[in-house]
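Here's the structure, in structure tokens; my notes come after.
The values are calculated or read from the model by the stated rules, or taken from the named source; none is laboratory data. Owing to the predicted nature of the structure, the values given are computational and were not obtained by experimental measurement. Reconstructed Cβ throughout: ideal geometry from the backbone, glycine too, with neighbour counts over all protein chains shown. Note: accessible area is taken over every heavy atom of the protein model, side chains too, but ligands, DNA and RNA are not part of it. Shrake-Rupley method; radii C 1.70, N 1.55, O 1.52, S 1.80 Å.
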Amino acid sequence: MQPCRAQHPFGSGSKRLFWGKDGKARTPMRKLFKSEAKAGMSSPTIWDDVGLNQHAARELEVLFGEKAAFETPKPEFLLQRIIHIATNTGDLVLDSFAGSGTTGAVAHKMGRRWIMVELGEHAQTHIVPRLRKVIDGEDKGGVTEVTGWQGGGGFRFYRLAPSLLEVDKWGRWIISKEYNPAMLAEAMCKHMGFTYSPSQDKAEYWKHGHSSERDFIYVTTLAMTHDQLRAISEDVGPDRTLLICCKAFNARIDDFDNLTVTKIPHAILSRCEWGKDDYSLKIASLPEREPPDELEPAVKPAGKAKPARTFAPTLFDCDED
Ligand SMILES: C[S@@+](CC[C@H](N)C(=O)[O-])C[C@H]1O[C@@H](n2cnc3c(N)ncnc32)[C@H](O)[C@@H]1O
């Protein structure tokens, strides 16, 4: 059935009511002038007061001192409107395609927390410096004045490492070929809750990291034999303990009070959550970064007891700003 166009209050002659560009749309559309909008109406779909891409390009030029290579940058006032509508102070704002970092910069100035994800190098070359300026109170542009922003806060910058494990042609989990020994040692330290700090002393080749001043980690792609483990156990001695992450082992582990031995794929896989419906990342409970130079006291008194290994894995390679 055709809609009865002539009987509509606006009348088809007024051109305030129309059925799409070609006049064939099933749903009528109504033109409304800004002066007719009443308080309490839903937001108009055209925002003509939040700036244009050109304004955003100018904002970036001021920030970076160059014509930045972003094709469609958004003005800070646009992001301010969106963030204002959708969030409250303290909320978490996510932009998983961060571009020049406008979302995070505005969210920060508006007292929101934020997460940005960006795969381009401009994460490092543009977003980090931009957010640093916001934090240092050096970014005077965009919404700085209207939000009364004067600087403060901070952020952490993480670089996502390649996947540590991959499945081989027989369907078994193996260590990714992208990892060289140093990368592997560092990644395992991270996963197992150790601080990566490889010893420069060749005699202590097994010291790849520590969790306390007496508890260490050794990462190797070797399959460890009983004799090899005995030799390491003697080096470690009675006053220290060592977690060995290796490809495989063939030994009576109980013979060595100061060693804990685990297989790398198994150690990682047991920390992954497979088969769950909800993989939501618990952002709020991400571990705080530890101060770099302080060593915690040994968890257990020196001697025979191995430390209880309660790992707090973090999944990212992290540089802090
Ligand atoms: C058009 S920009 C978005 C900029 C910003 N969100 C805005 O609205 O102004 C899209 C960005 O997403 C990035 N990107 C594309 N695919 C991505 C991915 N899979 N993960 C992270 N970033 C990605 C691109 O490098 C580009 O910088």
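Here are a few things to note about the model shown:
- Fully extending the segment from Glu145 to Leu52 would add 31.6 nm, taking 0.36 nm per residue of separation and subtracting the current Cα-Cα distance.
- The trypsin sites (Lys or Arg not before Pro) of segment 56-116 meeting both criteria, a DSSP state outside H, G, I, E and B (loop) and at most 13 other C-beta atoms within 10 angstrom of the site's C-beta, are Lys67.
- Nonpolar atom fraction for segment 53-154, defined as the carbon and sulfur part of the 1.4 Å probe accessible area, stands at 54 percent.
- Solvent-accessible surface ranking, highest first, for Val261, Val143 at 1.4 angstrom: Val261, Val143
- Short-range pairs are left out: with C-alpha atoms under 8 Å and at least six residues apart, the relative contact order of segment 129-277 is 14 percent.
- Euclidean distance of C-alpha centroids, segment 182-213 and segment 47-70, integer Å: 45 Å
- With K and R counted +1 and D and E -1, the other residues having a Cβ less than 12 Å from that of Trp47 yield a net charge of +1.
- Probe 1.4 Å, all protein chains present, accessible-area order of Phe33, Phe70, Phe194, largest first: Phe33, Phe70, Phe194
- Shape category assigned to segment 53-154 from the gyration tensor of Cα positions, a/c cut at 1.5: rounded
- Segment 53-154 - accessible surface per residue (Å², probe 1.4 Å): 55 Å²
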